[in-house]
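Derivation of every value follows stated rules applied to the coordinates shown; laboratory data play no part. Just so you know, these numbers come straight off a predicted model, no measurement behind them. Because the Cβ atoms are built from the backbone with ideal geometry, glycine has one as well, and the counts that use them run over all protein chains shown.
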Amino acid sequence: MLKTTPFTDIHIALGAKMAEFAGFNMPIQYPTGINQEHMIVREGVGVFDVSHMGEFWVKGDKALDFLQYITTNDLSVIPAGKAQYTCMPNGKGGIVDDLIIYKYSTTKYLMVVNAGNIDKDWAWVNRIASGGEPSKQKDWGNLSLENASERYGQLAVQGPKATEMLQLLTDADLKSIDYYAFREWSFAGVPGVILSNTGYTGAGGFELYFPAENGKQIWDALFEVGKPFGLAPIGLGARDSLRLEKWFCLYGHDIDDTTSPLEAGLGWITKLDAKEFIDCEYLKKQKAEGVKRKLVHFECQERAIPRNGYEICDEKGNTIGNVTSGIMLPNTKVGIGMGYVQTAYAKKGETIYIKIREKLIPAKEV
């Protein structure tokens with residue numbers, strides 16, 4: 001039995017192509033098609049059902065210490081009302097998950113984790129909280145953890161027209177909410193909605209968190225005010241193409257339990273000198289010695305679609321890595337992708353070759 005979201009019946013009624021994703025029955029695309037959905041978000045405004053994401057509350061007098069220990073970024077530098085992108089190292093040099101943490105105060109935080117990792121992440125944070133390996137601390141004070149994933153619905157309203165449209169449903173001044181900042185406010189008549197200036201499309205907009213039972217009320221309100229803006233529902237297919245066009249990593253493809261944040265180009269969220277955290281010493285050593293492979297971004301120089309798992313080769317056909325994500329962009333019809341290559345080949349402007357049906361397709365690192 002697949003899990004559902006507050007909007008599953010709506011997606012089906014709209015004729016969406018449904019498929020399993022992270023154990024949920026999710027819309028992959030609507031009759032408009034992925035290419036058109038991609039451009040709607042780039043040029044106008046679209047709404048994604050992302051209610052399958054997970055939400056964990058972390059509270060207590062040592063909540064900050066706990067989160068500082070289990071994540072790589074430095075939460076102490078952001079004020080209340082801001083959010084931070086980070087990742088959890090797994091004690092073996094890999095990544096448990098990448099996530100966003102919302103800071104309400106030094107004693108109250110909300111972790112938003114990937115849908116496919118909810119159970120794994122929940123087990124991990126509880127393991128560390130109880131003093132299990134690789135924890136070095138058994139006393140986290142009055143730490144309280146709550147898995148609230150099933151209580152929340154979430155919609156991502158994305159695109160250059162998103163803020164103007166959303167403003168019609170709230171008296172919160174959305175333009176005053178900076179990037180990666182958030183506010184709890186009444187929205188579409190629902191009190192306490194989290195209005196977060198975040199998203200995974202690179203097109204701007206907000207992510208809305210609300211009680212699952214209020215989902216239909218918010219959906220209907222959005223599409224009522226959204227008519228003049230051309231608001232459309234967008235599936236996970238376009239969500240993937242949009243994030244890849246912006247070079248955002250996808251867990252399970254570009255990062256996972258076997259990739260380190262330094263290999264994945266996430267050194268900017270890995271604050272090795274700011275605090276002690278899981279795998280800190282390992283990552284310091286890795287940085288000093290240099291990584292053996294790096295995640296690179298590339299554009300195909302011939303018409304082709306690079307796909308996950310394809311080999312990346314040098315000019316002689318020797319395998320030097322593999323593709324982790326790839327698409328053909330709907331607007332330019334250029335094949336783009338991400339993949340790991342040996343460090344010697346990880347240079348901007350470098351020409352690499354994607355092996356597609358025994359043919360070597362040249363691609364330039366960008």
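If you take all other residues with their beta carbon under 15 Å from the beta carbon of Lys316, and give Lys and Arg +1 and Asp and Glu -1, the sum is -3. Both radii were evaluated on the Cα set of the stretch 292-365; the Rg over Rh quotient, with Rh as the Kirkwood radius, amounts to 0.93.
Among the listed pairs Lys285/Lys348; Lys333/Lys359; Lys103/Lys216; Lys136/Lys285; Lys120/Lys216, those with a Cα-Cα distance over 21 Å are Lys285/Lys348; Lys103/Lys216; Lys120/Lys216. Relative to its Kirkwood radius, the Cα radius of gyration of the chain gives an Rg/Rh of 0.97.
Here the average projected area of the convex hull drawn through the C-alpha atoms of the stretch 217-263 stands at 5.2 nm². With the convex hull of the Cα atoms taken as the outline of the stretch 141-255, the averaged projected area works out to 9.1 nm². Sort out for me the Cα centre separation of the stretch 1-74 from the stretch 239-294, rounded to whole Å. What the calculation gives is 22 Å, centre to centre. Estimated from helical segments only, the mean residue ellipticity of the chain at 222 nm is -5500 deg cm²/dmol, where each DSSP H run of four or more residues counts as -39500 (n - 2.57). What does the charge count near Gln217 come to, summing +1 for each Lys or Arg and -1 for each Asp or Glu among other residues with Cβ under 15 Å from its Cβ? Around Gln217, the charge tally is -4. Peptides 50-62, 129-141 ranked from most to least packed give 50-62, 129-141, packing being the mean of other C-beta atoms within 10 angstrom over each peptide's residues. When Tyr200, Tyr102 are sorted by how many other C-beta atoms sit within 10 angstrom of their C-beta, beginning with the fewest, the order is Tyr200, Tyr102.
Each residue in Met39, Met165 was given a count of other beta-carbon atoms within 10 angstrom of its own, and listing them fewest first yields Met39, Met165.
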